[in-house]
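Working notes for the structure below.
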Amino acid sequence: MQRAIDGAGGVRSLARKMGQAASSISRLRQAPRERLFELARHSGVEPEVIRPDLADWIETERRRGWMERARSRFAISSGLAGAKATVRRGGDAAVMDLLDLGLVVAAVKFAAGERGLSSVAVMAARGGQGGAPTPEQSARALAMGLAVTVGRVSAETVAGVMGVSRQAVDNAAERYLRARDGDSAEDQDGGRVMERGRLRRAKTADEGLWAAERRFLGQLAGEAA
C-alpha cells in the first residue's frame, strides 16, 4: 500500500484522486483486491508491484478486460449487436443472435488463416476415426475453442453453426483451455496428472496459443497486426 501512496505523491493526493478521506487511505495496510486496478491507475504504480501476491489474478483480470473490449469493438464495427435472424434446419426454426454468428465466423476465418487453410475446408472438416487430427480438424477445434472461450458464444450455438454435436464443442473448448493454460498445480502429483484413468506428464501453458489468442483479440478489436 505504501508503494501506491508514494507513487501518488502522498496520502492526501491519493485520497483526493480516489474520492476517499485521507484517514481511510492511511488506515489501509494492504491494497484491497477489489480496488487494486483503481489504485494502480491513480498512483501510476503497476498492480503487480502493489500486490505481487495477486500476480496470477491480475493477469486473469487483464485478459478478461481485453476480451470484453475486443468483443465490444467487434459488435460496434460489425453492426450486428442486437440483430437476430430466424434460421431453419429441416423443419425446425431457431432464432439466432447475429453477433454470435459473426463471432463464430470470425473464429473460423482466423483459425483457417493460422493453418493456411480456407474457411470452407475448416467448416467441412469432420471427425476422423482415430489417429492424429488433420490440419482441417485441428483448425476447426481451434475455431470452436476460440468462439466459446474468447467470443463467449454458447456451445449450443457454435454446434449449430459448425454442424457438430454440443459435446464436440464442449470437448474442443476443454482441450483448448487445458492446452493454453497447462495443468494446474492442484491437479499434479510429482509432475504427473491423471486423465481418463491414466497418468501422463503434466503440461505447461502453451505460449503459442496465448499469442494466437491475442492475435484473434486484435482482429476482433480491429487492431492492425
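Values in this text are rule-based calculations from the coordinates and carry no lab data. All values derive from a computational prediction rather than experimental measurement. Ideal geometry is used to build each Cβ from the backbone, glycine not excepted, and the neighbour counts take in all protein chains shown.
Can you report the principal axis dimensions of the stretch 64-220 using only the alpha carbons, biggest first, rounded to whole angstrom?
So the extents along the principal axes, rounded to whole Å, are 52, 37, 29.
Relative contact order for the chain using alpha-carbon pairs under 8 Å, separation at least 6, rounded to a whole percent?
Across the chain, relative contact order equals 15 percent.
Would you mind working out the magnitude of the charge dipole of the chain relative to its Cα centre, with +1 at each Lys and Arg C-beta and -1 at each Asp and Glu C-beta, to the nearest 20 Debye?
On the way: 36 positive and 28 negative charges, 71 e Å.
With only Lys, Arg, Asp and Glu charged at Cβ, the dipole is about 340 debye.
Given 0.36 nm per residue, what is the gain on full extension from residue 98 to residue 206 after removing their alpha carbon distance, in nm?
Stretched fully, the residue 98-residue 206 segment lengthens by 35.7 nm.
Taking +1 at the Cβ of each Lys and Arg and -1 at the Cβ of each Asp and Glu, which of 75, 112, 42 sits farthest along the dipole of the chain towards its positive end, judged by Cα position relative to the Cα centre?
Of the options given, the answer is 42.
Convex hull over the alpha-carbon atoms of the stretch 1-101: what's its volume per residue in Å³?
In the stretch 1-101, the Cα hull volume divided by residue count equals 141 Å³.
What percent do you get for the relative contact order of the stretch 2-50 when only Cα pairs under 8 Å and 6+ apart count?
46
Return, for the Cα atoms of the stretch 2-50, the radius of gyration and Dmax in Å, separated by a comma.
9.2, 25
Can you give the charge dipole size of the stretch 2-50 about its Cα centre, rounded to the nearest 20 debye, using +1 on the beta carbon of Lys and Arg and -1 on the beta carbon of Asp and Glu?
220
What does the helix-only formula give at 222 nm for the chain: each DSSP H stretch with n ≥ 4 adding -39500 (n - 2.57), the total divided by the residues, and the result rounded to the nearest 500 deg cm²/dmol?
Numbers: 12 runs with 134 residues, N = 225.
Using -39500 (n - 2.57) per qualifying helix, the result is -18000 deg cm²/dmol.
Can you tell me which of 70, 141, 211 moves the most in a GNM of the chain? Springs connect C-alpha atoms under 10 Å apart.
In this elastic network of the chain, the residue with the biggest mean-square fluctuation among 70, 141, 211 is 211.
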